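This report refers to the structure that appears directly beneath it.
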Amino acid sequence: MSIEIHVPDIGNFSNVEVIEVLVNVGDTVAIDDSLITLESDKAAMEIPSPKAGVVKQLKIAVGDKVSAGSLILVLEVAGASSEAAPVNAVAPVASALMTPAASAPVVDADSFRRAHASPSVRRIARELGVDLTKVAGSGSHGRITEADVRNFGKGGNTVVAQAAAPAPAAKPAAPAGSEMGIPLITQPDWAQFGAIETIPMSRIGKLSAKHLHRAWLNVPQVTHFDEADITELEAYRNSLKDKAKAMGFNFTPLVFMLKAVVAGLKEYPKFNSALADDGENLIQRKFYNVGIAVDTPDGLVVPVIKDVDRKGLFELARELGEVSKKARDGKLKAADMQGGCFTISSLGGIGGTNFTPIVNAPEVGILGLTRAQDRLKRVNGEIVDRLMQPLAVSYDHRVIDGAYAARFVSHIAFVLSDVRNLIL
């Protein structure tokens, strides 16, 4: 039976460019194998196959503009059996790579699945026992080709830098901002000093670089620093960690940060606004969606937690865990990253004492968090040990002035100082 596969709901995006077609006629694909890659000015997204089968016709090409409902391809499916035991499924990857015939190392199935390769190339890699996570892609955007896999299987195409100096790279396209008269910083021929390797940036990395560069060029940014005494809050959180764990999720400090930020946005609504394109009006939002920067193997992504003001602490904790896993697994949809009013970027699990986050325009503010620190502090005339949380809020100075920002950050610190303040 032949069925048509269409572009699913991709949020508010339309006329999005196809930058990669990941399958060919005759390829066998499994459920959730990527078919095409779309790229808007905000994000890149791979469209997965909802069915398992064989590609009979391609109805799309690189450079085409598509929207939800556009026809991608015609797939020949075998009925219920194709879904029950799909060919080229991802699950058997690890075991397939452990067979004596392949003599291949054990690899993580998720890492293998996220390798930048088409389903047909993945199939060949499994047949040859090649670990795709160790293959350097020579195709467009660093995609691993069939030739790369077969060459790797013969002992070539390793990701290790070769002793011979490569030819100088072609001059790259001018980065965003050069048209504004900003002098470019160009690279010397590093090969003359020793062995080098050119590593393609991930799609997410390239998109993030362009977005952050635009934000830095267009938004006059200032960062205000403060700290919050979270001693009592942390004690309360620790009293509930086991209960949350038993319910299947972690109860992290970030949950309280979400609530504290919303309290600040309500008290100081300019932080929940956006500067209109005419530069003369503010668009005041009446909802409270907060983006959370998540570190993934492919780069930083910012899924958005919707309606934070309407959700309880445990509900937010569960949702944070779910959306973070989706982000790390590369399964976020465009709609998951839209509609943010304010962003939180937390490095608390890594370290550091403070940093200056870049405003995620068109938002006008972002909160940066580093690891909380034990400090000796004078309280009511006594020196006591307190847990202090550094706070760093960067803001768009076109919309927010310094005094307003200081009050906003001070209010967040006040809310965090006593868990009871969350209900004010």
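General remarks:
- So Ala405, is it surrounded by 17 or more Cβ atoms within 10 Å (Cβ to Cβ), more than 18 Å from Ala260 (Cβ to Cβ) and assigned by TED's automatic domain parsing to the domain that holds Phe249: no
- Candidates in the range 18-44 are the residues that are assigned to a strand (DSSP E or B) and either touching a Gly at 6+ places or on another chain (Cβ under 7 Å) or aliphatic (A, V, I, L, M) (or both); of these, the one that is nearest to Leu207 (Cα to Cα) is Ala44.
- Subset tally (residues that are part of a helix (DSSP H, G or I) and modelled with pLDDT under 85) for the range 171-205: 6
- Per-region count, the range 335-355, residues surrounded by 15 or more Cβ atoms within 10 Å (Cβ to Cβ), outside any strand (DSSP E or B) and of a type in the set (Val, Ile, Thr): 0
Residues checked against (1) more than 19 Å from the chain's Cα centre (by Cα); (2) among the β-branched types (Val, Ile, Thr):
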| residue | (1), (2) |
| --- | --- |
| Glu315 | yes, no |
| Val323 | no, yes |
| Lys331 | no, no |
| Thr343 | no, yes |
| Asn354 | yes, no |
| Gly368 | no, no |
| Ala372 | yes, no |
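- Selection status of Gly69, modelled with pLDDT of 90 or more, on the phi > 0 side of the Ramachandran plot and in contact with a strand residue (DSSP E or B) (Cβ under 6 Å, 6 or more places away or on another chain): yes
- Given (1) of a type in the set (A, V, I, L, M, F, W, C); (2) assigned to a loop (DSSP other than H, G, I, E, B); (3) modelled with pLDDT of 80 or more, number of the condition Ala167 does not satisfy: (3)
- When restricted to residues that are among the acidic types (Asp, Glu) and either part of a strand (DSSP E or B) or touching a helix residue (DSSP H, G or I) at 6+ places or on another chain (Cβ under 7 Å) (or both), the range 1-17 contains 2.
- Close pairs from the range 225-247: first more than 20 Å from Leu367 (Cβ to Cβ) and not assigned by TED's automatic domain parsing to the domain that holds Phe355, partner of a type in the set (Gly, Ala, Ser) and crowded, with 18+ Cβ neighbours inside 10 Å, Cβ under 9 Å, at least 6 apart: none
- Residue count for the range 375-398, restricted to those that are surrounded by 18 or more Cβ atoms within 10 Å (Cβ to Cβ) and not in a strand (DSSP E or B): 0.
- For Thr223, the conditions (1) crowded, with 17+ Cβ neighbours inside 10 Å; (2) part of a helix (DSSP H, G or I); (3) among the hydroxyl-bearing types (Ser, Thr, Tyr) are fulfilled apart from (2).
- Among residues of the range 273-312, those that are farther than 25 Å from Ser208 by Cβ and buried (at least 18 other Cβ atoms within 10 Å of the Cβ), counted: 1
- Scanning the range 31-56 for residues that are surrounded by 22 or more Cβ atoms within 10 Å (Cβ to Cβ), aliphatic (A, V, I, L, M) and over 24 Å from the mean Cα position of the chain (by Cα) yields Ala52, Val55.
- Subset of the range 229-261 (residues that are aromatic (Phe, Trp, Tyr), part of a helix (DSSP H, G or I) and under 15 Å from Gly348 (Cβ atoms)): Phe256
- Test: residue in the range 299-311 that is assigned by TED's automatic domain parsing to the domain that holds Arg407 and under 30 Å from Arg375 (Cα atoms): no
- Pairs where the first residue, in the range 367-392, is closer than 15 Å to Ala260 by Cβ and the second is in a strand (DSSP E or B) and among the β-branched types (Val, Ile, Thr), C-beta under 6 Å, 6+ apart: Leu367/Ile344; Leu367/Val393; Ala392/Thr223
- Scanning the range 296-309 for residues that are of a type outside the set (Val, Ile, Thr) and in contact (Cβ under 8 Å) with a residue 24 or more places away in the chain returns Pro297, Asp298, Gly299, Leu300, Pro303, Lys306, Asp309.
The values are calculated or read from the model by the stated rules, or taken from the named source; none is laboratory data. What you see is a predicted model, and the numbers here were worked out from it, not measured in a lab. Positions of Cβ are generated from backbone atoms using ideal geometry, with glycine treated the same way; all protein chains shown enter the neighbour counts.
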